[in-house]
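Following: one structure in structure tokens, then a few remarks.
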């Protein structure tokens, strides 16, 4: 049996159509990982601009359920952030 | 033989001639101990994100080189004694990317 992939995307395209305030918007689920797209920037400890995007105000890592980074890339991000923190860049 | 990247953080209050001494010291050290330098990058004075040993800024020097176990041991020995170096980090790579420079657009580099 084939799964219906358009189950979530077809209805309620306008965010104002939501039934209640507590319903999460569709963009919340549908996003793919921004670091495993084609031509994505390589994760590197020298690239501070990129690493800062995935840190909170208090220099802690943001969870992947907010940034929608894949499991594999999240692990690599954590390693590179640790390297940058040793040098005092982050 | 494999490829490595090595970064030094020198203290802020060193004069320009002293920083050159530090830079030359480690480049000679790598070349003399079975290693070969591919590229040296000066990142210049950068602000730290937080205080490190009561310093707010540091002078960054970045080496890309080819070497083996002995070169790494020599670097580690010398940096631990060296009082002008705050922090250091070596990372192993399969291939070195010598084209891209992340800290090129730094204001402090242009003044000198």
Those residues of region B:41-51 which are under 12 Å from the mean Cα position of the chain (by Cα) and either more than 10 Å from chain A (Cβ to nearest Cβ) or farther than 16 Å from residue A:46 by Cα (or both) amount to B:42, B:44
Set B:69, B:24, B:54: member being over 21 Å from residue A:46 (Cα atoms), out of contact with any strand residue (DSSP E or B) (no Cβ under 6 Å at 6 or more places or on another chain), within 14 Å of chain A (Cβ to nearest Cβ) and loosely packed, with under 14 Cβ neighbours inside 10 Å: B:54
Check region B:101-110 and report whether any residue there is surrounded by 13 or more Cβ atoms within 10 Å (Cβ to Cβ), within 14 Å of another protein chain (Cβ to nearest Cβ) and under 21 Å from residue B:16 (Cα atoms). yes
Scan region A:45-66 for residues that are assigned to a loop (DSSP other than H, G, I, E, B), loosely packed, with under 14 Cβ neighbours inside 10 Å and either in contact with a strand residue (DSSP E or B) (Cβ under 9 Å, 6 or more places away or on another chain) or at the interface with chain B (Cβ under 10 Å from one of its Cβ atoms) (or both) and jot them down. A:59
With the checklist (1) within 26 Å of residue A:47 (Cα to Cα); (2) exposed (fewer than 13 other Cβ atoms within 10 Å of the Cβ) in hand, flag the one item residue B:38 doesn't pass. (2)
Is it the case, given these coordinates, that residue B:88 is touching a residue at least 60 places away in the same chain (Cβ under 8 Å) and either within 14 Å of chain A (Cβ to nearest Cβ) or under 23 Å from residue A:49 (Cα atoms) (or both)? yes
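Just so you know, all these numbers are worked out from the coordinates, no wet-lab data involved. In this text the structure is predicted, and so the values were computed from the model without any measurement. Cβ coordinates were reconstructed from backbone atoms using ideal geometry, including for glycine residues, and neighbour counts include every protein chain displayed.
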